[in-house]
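The values are calculated or read from the model by the stated rules, or taken from the named source; none is laboratory data. Because the structure is predicted, anything quoted here is derived from the model rather than measured. Every residue, glycine among them, receives a Cβ derived from its backbone with ideal geometry; neighbour counts consider all protein chains shown.
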Amino acid sequence: MVIGSARDVMEAVKPPRAVFVDFPLGHNTGKPFDKELQLNILKDAFEALKSIKQPGTIVDLPYKWDVANA
């Protein structure tokens, strides 16, 4: 399972299963010390791991980067 924030790279590499978060590079699970968001992303990644049946599938997670609090 890959949690990635560079969709073009993920599509080129073709990991067996992946979730995409539209966050800046290096912040795949959110901002430092935002434990609630980090835990939610991990839980969603584990749910995707259970539900993805087709190798190479990338699931888009619904989280948005909050620029105001960056």
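Quick notes on this one:
- Residue satisfying all of: in the stretch 6-30; crowded, with 19+ Cβ neighbours inside 10 Å and among the small types (Gly, Ala, Ser); farthest from Asp66 (Cα to Cα) among these: Ala18
- Close Cβ contacts (under 7 Å, 6 or more residues apart or on different chains) running from residues in the stretch 7-18 that are over 11 Å from Ile52 (Cβ atoms) to residues that are surrounded by 12 or more Cβ atoms within 10 Å (Cβ to Cβ) and of a type outside the set (A, V, I, L, M, F, W, C) comprise Met10/Gly4; Lys14/Gly56.
- Of everything listed in (1) in contact with a Leu (Cβ under 7 Å, 6 or more places away or on another chain); (2) in a loop (DSSP other than H, G, I, E, B), the single unmet condition for Val21 is (2).
- Selection count, the stretch 31-45, where residues are surrounded by 15 or more Cβ atoms within 10 Å (Cβ to Cβ) and either among the polar types (S, T, N, Q) or part of a loop (DSSP other than H, G, I, E, B) (or both): 3
- Hits in the stretch 46-61 - residues which are under 11 Å from the mean Cα position of the chain (by Cα) and either in a helix (DSSP H, G or I) or farther than 19 Å from Glu11 by Cβ (or both): Phe46, Ala48
- For the stretch 31-56, filtering for residues that are touching a Leu at 6+ places or on another chain (Cβ under 8 Å) and modelled with pLDDT under 95 leaves 1.
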